[in-house]
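First comes the structure, then the notes that go with it.
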Amino acid sequence: MEYTHRYRAYPNREVAAELTRHINIHRQAYNYTRYEYTNLPDDTDTIGSAYKHHKRLKPWKDEFPVFGEVHSKALQKTVTRFYDNLSNLKDKKDAGYNVGWLKWKPPREFRSMTYSQSGFELKNTSGQTATLWLSKIGDMPLTYHRDIPEEAVIKEVTVKHESTGEWYVSFALDVDDEHLPEKPPVETLNAEDCVGVDLGIRNYIHTSNGISVGKLDVEAEYERLRKAQRTLSRREHGSENWETQRQRVASIKRRLRRKTLDFQHKLTTWLVTEYDAVFVEDLDVKRMLEGSQSAKNKQDAAWRQFIQLLEYKADLHGCHVRQVKPENTTKMCSECGVKTDKPLWVREHSCPSCGFELDRDWNAALNVLERGLKQLGLGQSEVQRLLETGATVDDDQAWSVSASTVVETGSPTREQGSPDLKEAATVAAE
Ligand SMILES: [Zn+2]
């Protein structure tokens, strides 16, 4: 499987200048590829595909020595990038979109370059920082907040200069399927290793075993963003002040995204390492059922990202992840199956039919768990057994943690309000 890790890079002034110069040469190479594609006769066997076009790199370098100053594999990759864009454009066209022709790229629209297969090395990865070496450029430090697994192969390295002025490095990673941990056979799953997760409104998530994690507080960041945007709207469009302010807005947005992403990374990593099977609702179906489109868009985008992270980590950590049918997970009683309407402000599930009472989101998470187990292919009796032995609906077993605890410690730790501590306290009191 393939996936990407992205890190902030801190090139020093000299290295940053070299990076900028190289990216600019790549931009010219991209534009030149476009020029040749448009202007050279069709019968040339060096035009028409990335592979063919790579043959033109030698004559290029003879004519324009500047193309010899960047890494040759990276230069090939830039030519390939043009053809990739071309094929994306074609796909869009085929899908009925009204598309134009690929544009000539000015500097502000061409901000990255990609080293493919060679010309790079990732070093000193033991701590929170690492060093990336790029051929013809040099070393630059990275914040190395996530390890690249040992069995992963780095296929490509992309260096990008964001419009905010920040540098980022993305590693395209490939893990051979045979190196991925095996997922436990479905029929051997233990009840306590399976979890249903309700994506909440009041809480960020609520699990079927009673753990609730609070929402990430980004109000301060949003307030700062609104303020910065107001200032931007007062500046004269295109002026130097406007440009400075535009960068400030972009940087606040980026910080906001990073904060959310970091939180989601921690939470999803915890889920797939703590459990063997994790179930969430299928968000797309859910929204379709609700018929709502615009109102919650921002939150939906965040949830989609959360689910995506969960799914790709599932394979890396040998965990089953399934998205289940979302119909009536909230309305349905997880104990007897009877449906009751619940307005949003009703926080408790209280079943008029069987008398079962539980936190609203917890009840939903239990329904998600049941559906997930069925979706894994387990039979009714097996599902029943797992639910009966595993699902606790005891308030004493519940604990909540704040999002900031997750951010600080990396998981919803049990230290505060943990049942273990409570139990210990009870025993001590007796
Ligand atoms: Zn009931």
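Listing for the model above:
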item	result
Relative contact order of the chain, defined on C-alpha pairs under 8 angstrom at six or more residues apart (%)	16
Lysines whose Cα lies under 16 Å from that of Lys160, excluding same-chain neighbours fewer than 8 positions away	Lys77, Lys105
Given charges at Cβ of Lys, Arg, Asp, Glu: the chain dipole, positive-most of Tyr37, Gln264, Thr188	Tyr37
Partner lysines for Lys123 [C-alpha distance under 17 Å; skip if fewer than 8 residues away on the same chain]	Lys136, Lys155
Simple Cβ-charge dipole of region 2-175, Lys/Arg +1 and Asp/Glu -1, about Cα centre, in debye nearest 20	480
Furthest towards positive pole of dipole, Pro149, Ala16, Ala314, structure part the chain, Cβ charges	Ala16
Ranked Thr20, Thr389, criterion: other C-beta atoms within 10 Å, fewest first	Thr389, Thr20
Extension gain, Tyr35 back to Glu408 (0.36 nm per residue minus Cα-Cα distance, nm)	129.1 nm
Cysteines not pairable in the chain (beta carbon separation under 4.7 Å absent)	Cys194, Cys319
Under 16 Å from the Arg21 label point (7 Å along Cα→beta-carbon), backbone N, region 137-166	137-139
Dipole magnitude of region 183-429, debye to nearest 20 (Cβ charges: Lys/Arg +1, Asp/Glu -1, about Cα centre)	1720
Backbone N under 18 Å from the Gln117 label point (7 Å along Cα→Cβ), restricted to region 17-57	49-57
Amide H partners (placed H, <5 Å) of Ile205, local residues excluded	Gly200, Val213
Separation in nanometres of the label points that stand 7 Å from Cα toward Cβ, at Arg108 and Tyr222	2.9
Over 31 Å between alpha carbons, listed pairs Lys55/Lys313; Lys58/Lys90; Lys92/Lys259	Lys55/Lys313; Lys92/Lys259
Gain upon complete extension [Leu261, His54; 0.36 nm per residue less C-alpha separation]	70.8 nm
Potential extension, Leu283-Arg347 segment - 0.36 nm per residue separation minus Cα distance	20.9 nm
Residue order, fewest to most surrounding Cβ atoms within 10 angstrom, among Arg13, Arg385, Arg56	Arg13, Arg385, Arg56
Residue among Trp101, His71, Ile211 farthest towards the positive dipole end of the chain, charges placed on Cβ	Trp101
At most 15 other Cβ within 10 Å, DSSP loop - trypsin sites (Lys or Arg not before Pro), region 132-169	Lys136, Arg146
Simple Cβ-charge dipole of the chain, Lys/Arg +1 and Asp/Glu -1, about Cα centre, in debye nearest 20	2880
Point-to-point label distance, Thr44-Arg254, nm (Cα→Cβ direction, 7 Å offset)	3.7
For Met113, Met140, Met1, order by how many other beta-carbon atoms lie within 10 Å, fewest first	Met1, Met140, Met113
Alpha-carbon centroid distance for the pair region 24-79 / region 213-254, whole angstrom	39
Residue-averaged 222 nm ellipticity for the chain, from DSSP H runs of 4+ at -39500 (n - 2.57), nearest 500	-14500 deg cm²/dmol
Among Pro107, Pro343, Pro352: highest mean-square fluctuation, GNM of the chain, C-alpha pairs under 10 Å	Pro343
Per-residue ³J(HN,Hα) for region 126-138, Karplus 6.51 cos²θ - 1.76 cosθ + 1.60, θ = phi - 60°, Hz, x for Gly and Pro	7, x, 7, 10, 8, 10, 10, 9, 10, 4, 6, 10, x
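No value in this document is a laboratory result; all are computed from the given coordinates. Bear in mind the structure is a predicted one, so any value in this text is a computation, not a measurement. Positions of Cβ are generated from backbone atoms using ideal geometry, with glycine treated the same way; all protein chains shown enter the neighbour counts.
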